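Working notes for the structure below.
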Amino acid sequence: MADANKVALPGSERTPVDGASMVGPTDPGQLVEVSVVLKQRRELKLDHLQGKTLSHDEFASTYGADPQHIERVKAFAAAHNLTVVPSEDEVARRTITLQGTVADLQAAFGVSLNDYQHSKGRFRGRTGAIHLPPELAEVVQGVFGLDNRPQAKPHIRFRGLSGASDAAQSTSYNPNQVAQLYSFPTGVDGTGQTIGIIELGGGYKPADIANYFQSLGISAPTVTSVSVDKGKNSPTNSNSADGEVLLDIEVAGAVAPGAKIVVYFTPNTSQGFQDALSTAIHDTTNNPSVISISWGGPESSWTNQLMTTFDQVAQEGAALGVTITVAAGDDGSSDGVSDGSNNVDFPASSPNVLACGGTALESSGGEISDETVWNDGADGGATGGGFSTVFAQPSYQSSLAGSYSGQTGRGVPDVAGDASPNTGYNVLVDGDSIVVGGTSAVAPLWAGLIALLNQQLGTRVGFLQPALYGFAEPGNGFNDITDGDNGTYSAGPGWDPCTGLGSPIGTTLATLLSGVKGTS
C-alpha cells in the first residue's frame, strides 16, 4: 500500500512469524494506537557527559524531541485523519501516540494489516517496511503498534518442569540468603531508592506479597503498579506470567525491602516493551534509580528500529543515572534458535544495560562451597551468553579482544548470579510456594544490590559497566566462575560469555565503587 510519495522507514521491516497462519485482513474500522518515536534533538554521547548525571529537565531540553518535529507528526496525523493522544512527557520520551482506524493507519503508513493465528494467540501483523513522507522519515526513529505480535518471553524456569529437577541433589534459597552468600552490604536496606520492574503480562496479589515477606520475617516493601499502553496488573494463577512478576518483586524486595518497587505493566508487544522502558526511564513521579527487565528474545526476533530505539532509551537512562539490569536468557549459547547458530538475547545485548547471566550456587555453613555455569541440559535450561551480531563491542569491553579474537560484537553477559532451578529461589505465587530459577531471578537480584549500593554510597552508581570492567585485577569484586559451559562457550578466568565478570561480592564492590571517580 506504499505510495510513490513516501519512503521506507529504515529498520522497520517485519517478516512473517514462524508457525502463524493468516486469518484475513484486519477489520478496517478497528481503532488502534501507535507510538511514533522521534530522533533525539541532539545525539546523546555518554562520554561527552564525563560522568555527569543529567536531571530530567536538562535531558528534555537538550536531547528530547524537537518541538518542530513534534509539529510535523501532528500535521501528518491531521492530514491522515489520525488523532493525537495527549501526553505530558512527549518531549522527554520523544513519543507521540496516534489513534486511528486500521483503514486510516494503513493509508498513513503504507502498510497492509492482517490478522494471524498462532499457538501464542491471535495477533495483528504486517510484513515489509513502514512508509512515511521523506520530511517525516528523516526525523522519525521508529513507529510501533501497527503490528502487535508477541515480542518477548520471560526468562524464568520452574523446578520440576522441563527437566529442571533432574539433578541428583537440589537445594533452594530465600533471596535474602543468596544476598548473604554474595556478601551484599549490610546496614542498608534500599531506603530512598525506587526499583522499577517491567512486566509484559501477569500480575500480583497484595496478599501474596504480605504473606511472603511475613514468612521471611522482613518488612514488605511498598509495591505500586503503573499502566503503560493499557497494560494492567492481572493476576491469574501460578502457571502464568504471574510467576515472573512475583519472582521479580519478591527477589528485589527481599534484597532491598526499604526500596519502593514500581511495576510497569504493558502488553507483550514491541510497542508495549518500548513504551514501558521509556515511561520508566522518564518517570519523574516515581523516579526509579534502577530498572529490572526479565523478558527478552533472540536478536533475530526484533526489528532493527526497535533494537536501536530501545538501546537509545537505555542510554538515556544511563545519562539520568538509572541502572538497567537485564536477564541474559535461559537457552544457552543458541538462545533457543534451532538452526545450530550462536545467538544472544535482546535487550541484554544492548551495550547500555547490565546483562545478567546465570550460575548454579552451592553453599555450606553460610558460605559458597561451589559455583559453576548454570547448565541443566537441553531441557533444563542454561545461561544465555555470547556475542551480539547487532551491537559492536563497547569501549568498556575493549580488553576482551585478546581473549576472544575475531569477536567484534558486544559480549554478553556482564555479570552473573544464582539461576539454576536446582539451586533456585523460594517464592510465593498465587498462594503456591514454588522454587524457580532462570536469569529472570538474576536481574532483580542485581537490581536489589544496586539499590543497596546507591544508598550506601549516597549517589547513583548509574551506568557502572566502565567501572566494573575497569577494576585493576580480573575478578576484583566478583566470584570468578571458571567451571562449566553454556553450549558453545566455556567459563574461564576473568570475563567469559557464560557468566561475564562473575557473581558479586557486594561489600567489595561497594568499596571499589566508592573510589571510582566519575561514577554517576
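The values are calculated or read from the model by the stated rules, or taken from the named source; none is laboratory data. Given the structure is predicted, the values throughout are model-derived calculations rather than measurements. Cβ: placed from backbone, ideal geometry, glycine included. Neighbour counts: every protein chain shown. For accessibility, only protein heavy atoms count, side chains too; no ligands or nucleic acids. Shrake-Rupley method; radii C 1.70, N 1.55, O 1.52, S 1.80 Å.
Some observations on this one:
- Whole-percent P(r), the stretch 273-408, all Cα pairs, 10 Å bins from 0: 12, 36, 33, 17, 2.
- Between Thr508 and Ser338, full extension at 0.36 nm per residue minus the direct alpha carbon distance yields a gain of 57.2 nm.
- For Thr359, distant residues with modelled amide H under 5 Å away: Trp374, Gly417, Asp418, Ala419, Ser420
- About the Cα centre, charge dipole magnitude for the stretch 291-420 (Lys/Arg +1, Asp/Glu -1 at Cβ), debye: 560
- Averaging 1/r across all pairs of distinct Cα atoms in the stretch 417-520 and inverting the result yields a Kirkwood radius of 15.2 Å.
- Helical runs assigned H by DSSP (4 residues or longer) give the chain a calculated mean residue ellipticity at 222 nm of -7500 deg cm²/dmol, each run adding -39500 (n - 2.57) before division by the residue total.
- Just so you know, the Cα atoms of the stretch 241-339 work out to an Rg and Dmax of 14.3, 46 Å.
- Inter-centroid distance (Cα atoms) of the stretch 109-138 relative to the stretch 251-301, Å: 26
- Note on Thr186 and Ser395: the model spin-label points, each 7 Å out from Cα along the C-beta direction, lie 4.0 nm apart.
- Mean Cα-pair separation over length for the stretch 1-99, i.e. relative contact order, pairs under 8 Å, 6 or more apart, %: 33
- FRET efficiency estimate (nearest 0.05) - Cβ-Cβ, Asp3 to Ser219, R0 41 angstrom: 0.10
- Check: the stretch 1-114 dipole with +1 on Lys, Arg Cβ and -1 on Asp, Glu Cβ, in debye: 300
- Spread of Cα-to-Cα distances over 10 Å intervals beginning at zero, given as percent, for the stretch 440-501: 20, 42, 33, 6, 0
- Rounded accessible area per residue of the stretch 455-495, 1.4 Å, Å²: 44
- The Kirkwood hydrodynamic radius of the stretch 230-289, based on inverse pair distances between different Cα atoms, is 12.8 Å.
- Accessible area per residue for the stretch 308-434 is 29 Å², calculated with a 1.4 Å probe on protein heavy atoms, without ligands, DNA or RNA.
- ³J(HN,Hα) computed for each position of the stretch 293-307 - Karplus, 6.51 cos²θ - 1.76 cosθ + 1.60, integer Hz, glycine/proline x: 10, 10, 10, x, x, x, 3, 5, 8, 10, 6, 4, 5, 6, 5
- Descending principal axes extents, the stretch 202-268, alpha-carbon based, whole Å: 35, 24, 16
- Residue-span extension gain [Gln68 to Thr285] - 0.36 nm each, minus C-alpha spacing: 75.5 nm
- Counting only alpha carbon atoms, the long axis of helix 67-79 and the longest principal axis of the chain meet at about 50°.
- For Gln141, the residues 5 or more places off, or on other chains, whose built amide H falls under 5 Å of its own are Val37, Leu38, Lys39.
- Take every pair of alpha-carbon atoms less than 8 Å apart whose residues are at least six positions apart; their mean separation over the length of the stretch 181-235 yields a relative contact order of 41 percent.
- Surface share of carbon and sulfur [accessible, 1.4 angstrom probe, percent] for the stretch 235-299: 44
- Folded to 0 to 90 degrees: helix 206-216 orientation relative to the chain principal axis, Cα: 20
- Structural descriptor for the chain: relative contact order 17 percent, calculated from alpha carbon pairs under 8 angstrom and at least 6 residues apart.
- Derived scalar couplings ³J(HN,Hα) [the stretch 486-500; Karplus, 6.51 cos²θ - 1.76 cosθ + 1.60; whole Hz; x for Gly, Pro]: 10, x, 6, 9, 10, 6, x, x, x, 5, 8, x, 10, 10, x
- Local electrostatic count at Asp496 - Lys and Arg +1, Asp and Glu -1, tallied over other residues with Cβ under 13 Å: -4
- For the stretch 1-74, diffusion coefficient by Stokes-Einstein and Kirkwood Rh (Cα), 20 °C, 1.002 mPa s, µm²/s: 126
- Across the accessible surface of the stretch 380-520, with the other protein chains kept in place and a 1.4 Å probe, carbon and sulfur atoms take up 48 percent.
- Taken along its principal axes, the alpha carbon cloud of the stretch 79-173 reaches lengths of 66, 34, 23 Å, longest axis first.
- Acute angle (nearest 10 degrees) that the helix 270-281 long axis makes with the longest principal axis of the chain, alpha-carbon atoms: 60
- Going by accessible surface with a 1.4 Å probe and the largest first, Leu31, Leu46, Leu247 read Leu31, Leu46, Leu247.
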